[in-house]
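One structure is given below, encoded as structure tokens.
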Amino acid sequence: MFTGSLTAIVTPFRNGRVDEAAFKNLIEFQIANGSNGIVPCGTTGESATLSYEEHYRVIELAIQSAAGRMPVIAGTGSNSTAETIALTKHAEKAGAQAALLITPYYNKPTQQGLFEHYRAVASEVGLPILLYNVPGRTSVNMLPETVARLSEIKNIVGIKEATGNLQQVSDVLEYSKKGFIVLSGDDFTTLPLLAIGGHGVISVTSNVVPGMVSDMIKAFEAGKLDEAKRLHFRLQPLHRAMFLETNPIPVKTALAMMGMIDGEMRLPLTAMTEANRATLSSALKELGAFSKGGQR
């Protein structure tokens, strides 16, 4: 249920407020182009600058708009365990299919602290939980041994692994409970991760070309390895462009270029530089992204 191409969906703003109409259209775009799910209120969704009311509303709107046509994995993590429990309880009550929980940032817990944090949240909800390890943002790396311990907890069902380290991903797959879902958190590593037994990606790029990201994974799953490799390398220039500046600056800029959102971001994020915009535009044109979904 939580495998394949899952999109870390942006939160569109207009005049300082969540643009609900644009958000609904983005979800329809994902459904029409074969994505396997959406993840609202993650890093790409600028969760750090959403008020509690906005956070709740975005998750509720995603669930209402998806209307059972694809799973909604709500971003509900925080550096406060109590806050994480409250956000996750809300997502469960609202009808999300799962929750994505980032490792607590800034306070830099020990490995035992990470274990106790996730165990505490899992004990308070029945919702399936996906761990989220992104040390480049949080300054703490959840080690494979800790992930393996957490995989034994019934409703902790998987992890978004965004270290970009295939050795670590391999260890997570080896050490964790059988059936534990391992998803790439870096678009660059999706195909290599699939090759060693991973289950898909929570993708930034699929905001822009959901069809191509989905097709790459489907090709791999069908044993069409040459086609999967072709799409992997075809996507690489856009993957690079998506991280020319801090995510989600490039992806929101791309969606604005495609006429799908306003492109507004909240401080401290700022508009993309003209030089980087040119590189991004070139990558989008190369993939036919301006045709809304990209050329296969």
Residues of the range 66-104 being within 13 Å of Gly37 (Cβ to Cβ) and either outside any strand (DSSP E or B) or at pLDDT below 95 (or both), which ones? Ala66, Gly68, Arg69, Met70, Pro71, Ala96, Gln97
Residue set Ser139, Ser184; condition surrounded by 21 or more Cβ atoms within 10 Å (Cβ to Cβ), of a type outside the set (Lys, Arg) and farther than 22 Å from Ile59 by Cβ; output residue Ser184
Looking at the range 36-72 only, could you name the residues that are in contact (Cβ under 8 Å) with a residue 60 or more places away in the chain and farther than 19 Å from Pro250 by Cβ? Asn36, Gly37, Pro71
Which numbered condition in (1) at pLDDT below 95; (2) outside any helix (DSSP H, G or I); (3) closer than 27 Å to Leu238 by Cα is the only one that Lys108 fails? (3)
Under the condition of being of a type in the set (Lys, Arg) and surrounded by fewer than 21 Cβ atoms within 10 Å (Cβ to Cβ), which residue from the range 250-290 is modelled with the lowest pLDDT? Lys285
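The values are calculated or read from the model by the stated rules, or taken from the named source; none is laboratory data. Predicted model only: the values in this text are computed from it and were never measured. Quick reminder, even Gly has a Cβ in these numbers, built from the backbone with ideal geometry, and neighbours come from all protein chains shown.
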